[in-house]
Structure formats: C-alpha cells, structure tokens
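K.L.:
After the structure tokens below, expect a handful of questions from me.
The values are calculated or read from the model by the stated rules, or taken from the named source; none is laboratory data. Just so it is clear, the structure is predicted and the values come from calculations on it, not from any experiment. All Cβ positions, even for glycine, are placed from backbone atoms using ideal geometry, and neighbour counts span all protein chains on display.
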Amino acid sequence: MPRMSAYAASKAAVVWFTETLAADCLGQNIDVNAVAPGALNTGMLEEVSVAGPEKVGSAHDDRAVRQKEHGGATQDRATELCVFLLSRQSDAITGKVIIVVWDPWELLPQRRKQLQNTDVYALQRSVTKDRGLDWD
C-alpha cells in the first residue's frame, strides 16, 4: 500500500513477534497466533477518507470508498475466530497469522499436524533443500 509504509511495517512486526513468541513458548502448552480481521470500518478508515487520494493514493482511497459503501468485514466473524483460538479446538495451532475473511480457519484442527510442519500462514519461511532449493 503506497504511502502506508509505517502501517504496513507495524503489521509485519506484529506477525514476526507472533512467530518468534510462539517459538519461545514451544513445549509449554501456550499457543500464540495473530488475527488479521480483514478490512473493518474503523476510525482509521474515516481518517483515510478525510485525507483523500492526494495523501493516501488513489488506489487506497478507491478501496476505502468501496469499503465504506459495502460495509467491510464483520467484527462478529473476527470474534468467532478469537473464540476458536481460545478454545481447545485450536490447541497446538501456533505461530500463525490467520486472516478472518480469507482463511478457512474452521478446518485448521483437521490439518493440525500439517500446520506444524509448514510455513503456511507464516511470514517466516524455511529455506531448506527439501523445498527444492539447493545452494551447493
């Protein structure tokens, strides 16, 4: 998002912190995940609207206008994900960033083992030979 570098960097920092804290807590029965709720109608959206395209860029301004018109993501859906992550259903799902509106998070318990061995839903990626990268 042009002209939103501080905002984008702060989000990346939260995700990286989540992954690092999850690694620190391994073996302690503590799961750490980040929730990305999707585009919600918040005070920030109002600030983007007031700033206008000359300050936030025309693409971001257009998205903000469309979001205001159509309502954005629902806070109820984000709440459902948080309740899920606080439940025993999500035990051992850790170090992930889950996007409320795009990720099929209700299905994650069935993929628990796969999630533990993949960088899906993660910012940090493994670079190993088994991923097809050979640096020799």
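K.L.:
Return the pair list, or none, for Cβ contacts closer than 9 Å from residues in the stretch 101-114 that are over 14 Å from Leu85 (Cα atoms) to residues that are in a helix (DSSP H, G or I), at least 6 apart or on different chains.
P.N.:
Once the first residue is over 14 Å from Leu85 (Cα atoms) and sits in the stretch 101-114, its partners that are in a helix (DSSP H, G or I) give Val101/Arg77; Val101/Ala78.
K.L.:
Can I ask one more? May I ask you to list the residues in the stretch 1-35 that are of a type in the set (Asp, Glu), assigned to a helix (DSSP H, G or I) and either surrounded by 15 or more Cβ atoms within 10 Å (Cβ to Cβ) or touching a residue at least 40 places away in the same chain (Cβ under 8 Å) (or both)?
P.N.:
Within the stretch 1-35, the first condition is being of a type in the set (Asp, Glu), and the residues that meet it are 19, 24, 31.
Filter once more, keeping what is assigned to a helix (DSSP H, G or I): 19, 24.
Result: Glu19, single match.
K.L.:
Follow-up. At positive phi and at pLDDT 85 or above: is that true of Gly72 in this structure?
P.N.:
no
K.L.:
Within the stretch 86-100, how many residues turn out to be in a helix (DSSP H, G or I) and in contact (Cβ under 8 Å) with a residue 40 or more places away in the chain? Write out each step before concluding.
P.N.:
Keep residues of the stretch 86-100 that are in a helix (DSSP H, G or I), which gives 86, 88-90.
Now restrict to residues that are in contact (Cβ under 8 Å) with a residue 40 or more places away in the chain: 90.
Counting residues in the stretch 86-100 that are in a helix (DSSP H, G or I) and in contact (Cβ under 8 Å) with a residue 40 or more places away in the chain gives 1.
K.L.:
Check the stretch 65-85 and report whether any residue there is among the polar types (S, T, N, Q) and in a loop (DSSP other than H, G, I, E, B). Working first, answer last.
P.N.:
Taking the stretch 65-85 first, the residues among the polar types (S, T, N, Q) are 67, 74-75, 79.
Those left that are additionally in a loop (DSSP other than H, G, I, E, B): 74.
Yes; the residues of the stretch 65-85 include at least one that is among the polar types (S, T, N, Q) and in a loop (DSSP other than H, G, I, E, B).
Yes/no matrix, rows are residues, columns are (1) of a type in the set (Val, Ile, Thr); (2) farther than 21 Å from Lys11 by Cβ; (3) at pLDDT 95 or above:
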residue	(1), (2), (3)
Arg63	no, no, no
Gln67	no, no, no
Gln114	no, yes, no
Val120	yes, no, no
Leu123	no, no, no
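K.L.:
I'd like to check something: does the stretch 69-81 contain any residue that is hydrophobic (A, V, I, L, M, F, W, C), surrounded by fewer than 16 Cβ atoms within 10 Å (Cβ to Cβ) and either out of contact with any Leu (no Cβ under 8 Å at 6 or more places or on another chain) or within 23 Å of Thr20 (Cα to Cα) (or both)? Before the answer, list the steps.
P.N.:
From the stretch 69-81, those hydrophobic (A, V, I, L, M, F, W, C) are 73, 78, 81; that's our starting set.
This time we only want the ones that are surrounded by fewer than 16 Cβ atoms within 10 Å (Cβ to Cβ), so: none.
No: zero hits.
K.L.:
Restricted to the stretch 36-61, and to residues that are in contact with a Phe, Trp or Tyr (Cβ under 9 Å, 6 or more places away or on another chain) and of a type in the set (A, V, I, L, M, F, W, C), which residue is surrounded by the fewest Cβ atoms within 10 Å (Cβ to Cβ)? If you could, list the steps in order and put the result at the bottom.
P.N.:
Of all residues in the stretch 36-61, those in contact with a Phe, Trp or Tyr (Cβ under 9 Å, 6 or more places away or on another chain) come to 36, 38, 44.
Next, only the ones that are of a type in the set (A, V, I, L, M, F, W, C) stay: 36, 44.
Details: Ala36: 19, Met44: 11.
Among them, the one singled out is Met44.
K.L.:
Looking at the stretch 58-98, which of its residues are under 23 Å from Ala122 (Cα atoms) and among the acidic types (Asp, Glu)?
P.N.:
Scanning the stretch 58-98 gives Glu80, Asp91.
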